[in-house]
Each structure stands twice: as C-alpha cells, then as structure tokens.
Amino acid sequence: MVLERPRAGEGRLATALKGMVASQAEVEAAEERRETLRRGCSALADLGDRHRAQVSGVLRSVTLRPRTTVPALEAELYDGSGSLQLVWLGRRQIRGIEPGRRLRAEGLVCVQDGRRTMYNPRYELVPRPGE
C-alpha cells in the first residue's frame, strides 16, 4: 500500500470548503471564540481547576436551584469552546442575567461533578447593540 502525500494548497482548499459548508452552530461557535479573544478573556475549554480567570460569553440558560440552606441562581455561560456554570449563592434573581445576554465574568474556577463552575463571580453585562 502506497500513501500519497497531500499536494501543496490542499490544506487551504479543505479549510475554505469546510468554512463554506459549516453548520450555523459551528459558525456561531467560531464567532464566540473570536469575541472571547478580542475581549482578552480565557477560553473556557482551556480552564483548569482552582485557577482565577476572566471569561466572556453568552448565557445559554438561567435557572433557580434550591440548595440545602440557601437558593442559588445558576447560569450556563458559553464561549464557543465550552461551557461554564456560574452560580450566585443566596440569589433568586439578578436583573439583566437572562438567556441570550452577553457578559464578562471573573472569579475562581473549580471543577465540581466534572463541570467547570465559578461561584459568586464578579460580572459585567455587555451592552446589546443600541444600548
């Protein structure tokens, strides 16, 4: 069996074709990754346990989860590379924290039950176009 080496330029062509046939989800994920880098934040996929980080992305979901003694507002942040669970203990709601909202958060990332989590992060809501 003889394996042929790829010809020069095939890599660029394959990349261009992939970009043309990418799904809407892949296009949006790439856009989110670029926005995260533009803001100078860490990619969620690269975060390790017990490290402080600045992250940026879009909230996919926001839920109120009762904990043993206090309520907790949980939100899933997505940046195109992965997801991070943001948890505000003792809060039932926070004005502006809603699905589809873009924000920047800072805090200590820990891994709990296999999920990256940030408790009581400092956050900044990113204005929507026209705000």
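Laboratory data are not the source of any read-out in this text; all were calculated from the coordinates shown. Worth saying up front: this structure is predicted, and the values here are computed from it rather than measured. Every residue, glycine among them, receives a Cβ derived from its backbone with ideal geometry; neighbour counts consider all protein chains shown.
Details
- For ALA45, the conditions (1) closer than 19 Å to LEU125 by Cα; (2) under 11 Å from the mean Cα position of the chain (by Cα) are fulfilled apart from (1).
- Taking segment 91-111 as the range and being over 12 Å from the mean Cα position of the chain (by Cα) and of a type in the set (A, V, I, L, M) as the test, the residues that pass are ILE94, ILE97, LEU108, VAL109, VAL111.
For every residue, the table says whether it meets (1) in a strand (DSSP E or B); (2) in contact (Cβ under 8 Å) with a residue 24 or more places away in the chain; (3) surrounded by 15 or more Cβ atoms within 10 Å (Cβ to Cβ).
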| position | (1), (2), (3) |
| --- | --- |
| VAL27 | no, no, no |
| GLY40 | no, no, no |
| GLY48 | no, yes, no |
| VAL62 | yes, yes, yes |
| ARG65 | yes, no, no |
| THR69 | no, no, no |
| GLY80 | no, yes, yes |
| VAL87 | yes, yes, yes |
| GLY96 | no, yes, no |
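- Any chance ARG115 is closer than 16 Å to LEU47 by Cβ, surrounded by fewer than 13 Cβ atoms within 10 Å (Cβ to Cβ) and of a type in the set (Lys, Arg): yes
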